[in-house]
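**Q** Sharing a structure here in structure tokens format.
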Amino acid sequence: MGKPYTITTAISYPNGRPHIGHAYEAIATDAFARFQRMMGRDVFFQTGTDEHGLKMAQAARGRGVEPIVLADEMSSYFKDMDDRLNISYDRFIRTSEAEHHRASQAIWQAMADNGDLYLDRYEGWYSIRDEAFYDEKELTEGEKGEKLSPQGTPVEWNVEESWFFRLSRYQEPLLRLYAENPDFIQPESRRNEVLRFVEGGLSDLSVSRTSFDWGVKVPGSDGHVMYVWVDALTNYLTGCGYPDDGERMARYWAEGGDITHIIGKDIVRFHAIYWPAFLMSAKLPLPRRVFGHGFLLNRGEKMSKSLGNVADPLELAERFGVDQLRYFLLSEVTFGNDGSYSPEAIVMKANSDLANSFGNLAQRTLSFIAKNLHGAMPKIADGAETEEDKALRDEVLAACARAVPDALDALAPSVAIEAWLRAVFACNAYIDAQAPWALRKTDPVRMESVLAVLYEAIGMLAIAIRPVIPASADALLDQMGIGGDDRTYDRIAGPWYKQLQEGGFTLSTPRPLFPRLDLPADEGE
Ligand code: ME8
């Protein structure tokens, strides 16, 4: 096994069904996890649901059920979504699990032992929708003069006895952390926001509630449940074996470990400020980086239940295909920026890049081989390789073995896909220029060389794009006879092609992978 690599999504509130924003985060994180596995890393990928807190308690009350009943039902939709979208998580965690309660109580105890928790009275503003406390100075005014959080959600005045975490103690250690690890918060814009916030001073944080009981019990303090974010953030440790499984912790949550949190931009404050402060207090290792991705907008507009424009990711996947949706989301949106989706945009992208460019390249090359060479692997005669052949091979190899992995390692999927697509275009230009169908009569030896160059290039392209469109890429690789062990970045250059030739592999008539998608005429009005 290679070096451990831990990667997580946020855990979602299962107070409703998953939306496309949840799918986006899961898909991006999945592509990174698959990529690292293909690099030989020992990957642990965790996702799940965040089931405690007032928001869940209220949603359950609204339906007249116990919170756990709502959580059981809704959490299963999130898991179904992940399974349907081919999300290769190693662990789907639910914060209502006993194991997670134990981890949360253990980190609480560790923070208490460090002298960072004290009992006091909380008076201040709280947003149930954000499950967040806000300072008076952060609030804005709504249209009717009501107070709103910086996220635009309603806030209420809250007074209760509460445990406090001495966050104020951590201003200097946090600023040092950011200074010493410039990549801790990404992208840059998010880092600047956090820096400004922390430089402005940190107040102690209320970390328990007494007005409801749907949460993790505070050890030794009857009537208190933990503030939902304390237990939610701890989910990352639970999955890594905290507090009992030292071996697992040493593997996936170690000092200097390669630990990445992928989250949305609205919850960067919790992950980049509270979370490292809790971990420092409990004397636990810190993650390596927190990436705050952008928001998905429906045709440029914020999604909301009241606007009725919240897209169901499963409906989109059903209609356009899982890999088409994955490809669209990862190529269309620069990771870190907001992005917009619409059925037309998905159809356009899937048709132009997958059906017309890559799919067509594979389909016409492979069916030509199946038909004209009876599926036998084409060969390049000794010394017959031309400058054009070499140039294409070099270009495709550079994209697939360097540009794509470099970009995926840097959490830049759209950059990876751009490099990949340029290599696909180069193959299409090559096939048009070499015109193997014309060579069939005039120069069959040269025709075989051209087909051999293309076969190898298509194989490399299929391997390189696996993290993004795993099912389609694997279906193509299956057809091409390229085995599982060869589907990694370090074996992209072979010797698989040579082995196929020597082993006498024969190609069957290929099945098309990417049907051209149509949009109903009345769509998008
Ligand atoms: O925040 N586009 O849960 P959540 C892209 N339970 N991403 C979006 C999005 C959109 N339109 N809307 C939401 C929570 N997200 C907490 C997390 S982690 C210890 C606890 C992202 O269900 C959002 O930014 O509201 C977050 O990363 C994830 O979806 C879950 O959001």
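**Q** Looking at the chain, what % of the alpha carbon pairs are farther apart than 45 Å? Can you show the working numbers first?
**A** Values: 31516 of 137550 pairs.
Everything past 45 Å amounts to 23 percent.
**Q** Filter the cross-link list K79/K349; K217/K302; K137/K302; K79/K302; K3/K302; K144/K349 down to pairs whose alpha-carbon distance in this structure exceeds 31 Å.
**A** The answer is K217/K302; K3/K302; K144/K349.
**Q** Hey, another quick one. For A398 and S304, what is the calculated FRET efficiency with R₀ set at 56 Å and r taken between the beta-carbons, to the nearest 0.05? Can you show the working numbers first?
**A** Details: r = 44 Å, r/R0 = 0.79.
The pair A398/S304 has a calculated efficiency of 0.80.
**Q** A further question on this structure: Provide the gained length on full extension for the span V159 to D83, in nm with one decimal, where the gain is 0.36 nm per separating residue minus the Cα-Cα distance. Show your work: numbers first, answer last.
**A** Details: separation 76, 0.36 × 76 = 27.36 nm, distance 4.24 nm.
Length gained between V159 and D83: 23.1 nm.
**Q** Kindly identify segment 344-439 as rounded, prolate or oblate by the Cα gyration tensor criterion: order the square roots of the eigenvalues as a ≥ b ≥ c, call it rounded if a/c is under 1.5, otherwise compare a/b with b/c, prolate if a/b is larger, else oblate. Please list the in-between numbers first.
**A** Values: a/c = 2.41, a/b = 1.42, b/c = 1.71.
Oblate, since a/c reaches 1.5 and b/c is not below a/b.
**Q** Which whole-number percent gives the relative contact order of segment 144-290, counting Cα pairs below 8 Å spaced six or more residues apart?
**A** Working: 161 pairs, mean separation 35.1, N = 147.
Value for segment 144-290: 24 percent.
**Q** Answer rounded, prolate or oblate for segment 42-158, using the Cα gyration tensor with square roots of eigenvalues a ≥ b ≥ c: rounded when a/c is under 1.5, else prolate when a/b is larger than b/c, else oblate.
**A** On the way: a/c = 1.93, a/b = 1.32, b/c = 1.47.
Oblate, because a/c is 1.5 or more while a/b does not exceed b/c.
**Q** At R0 = 56 Å, how high is the FRET efficiency between A384 and A179 if r is their beta carbon distance? Nearest 0.05 is fine.
**A** Details: r = 58 Å, r/R0 = 1.04.
Computed FRET efficiency for A384 and A179 comes out at 0.45.
**Q** Would you mind getting the Kirkwood hydrodynamic radius of segment 224-380 from its Cα pairs, rounded to one decimal in Å?
**A** Numbers: mean 1/r = 0.0505 Å⁻¹.
Mean inverse Cα-Cα distance, inverted, gives 19.8 Å.
**Q** With an 8 Å Cα cut-off and a minimum separation of 6 or more residues, compute the relative contact order for segment 375-435 in percent.
**A** Working: 25 pairs, mean separation 19.8, N = 61.
Relative CO of segment 375-435 lands at 32 percent.
**Q** Using a 7 Å offset from the Cα along the Cα-to-Cβ direction at both E318 and A410, what is the distance between the two label points in nm, to one decimal?
**A** Label at E318, label at A410, 4.0 nm between them.
**Q** Taking the Cβ-Cβ separation of R17 and E172 as r and a Förster radius of 51 Å, what is the calculated FRET efficiency to the nearest 0.05? Could you put the intermediate results ahead of the total?
**A** On the way: r = 43 Å, r/R0 = 0.84.
After rounding, the FRET efficiency stands at 0.75.
**Q** Sticking with this structure for a sec: Against the longest principal axis of the chain, how steep is helix 322-332, in degrees 0 to 90 to the nearest 10, with axes from Cα atoms?
**A** The answer is roughly 80 degrees.
**Q** With the alpha-carbon atoms as the only input, what is the per residue convex hull volume for segment 429-470 in Å³?
**A** Numbers: hull volume 2.8 nm³, N = 42.
Here the figure is 67 Å³ per residue.
**Q** Looking only at Cα atoms, what is the convex hull volume of segment 368-518 per residue, in Å³?
**A** Numbers: hull volume 18.6 nm³, N = 151.
Per-residue hull volume (Cα only) is 123 Å³.
**Q** Could you work out the relative contact order of the chain, using alpha carbon pairs under 8 angstrom and six or more residues apart, expressed as a whole percent? It would help to have the intermediate numbers written out before the result.
**A** On the way: 863 pairs, mean separation 80.8, N = 525.
For the chain, the relative contact order is 15 percent.
**Q** Can I ask one more? Let me have the 222 nm mean residue ellipticity of the chain computed from DSSP H runs of 4+ only, each contributing -39500 (n - 2.57), with the sum over all residues rounded to the nearest 500.
**A** Details: 20 runs with 236 residues, N = 525.
It lands at -14000 deg cm²/dmol.
A short reminder: the numbers here are calculations on the coordinates, not readings from a lab. From a predicted model like this one, the values you see are computed outputs, not experimental measurements. Positions of Cβ are generated from backbone atoms using ideal geometry, with glycine treated the same way; all protein chains shown enter the neighbour counts.
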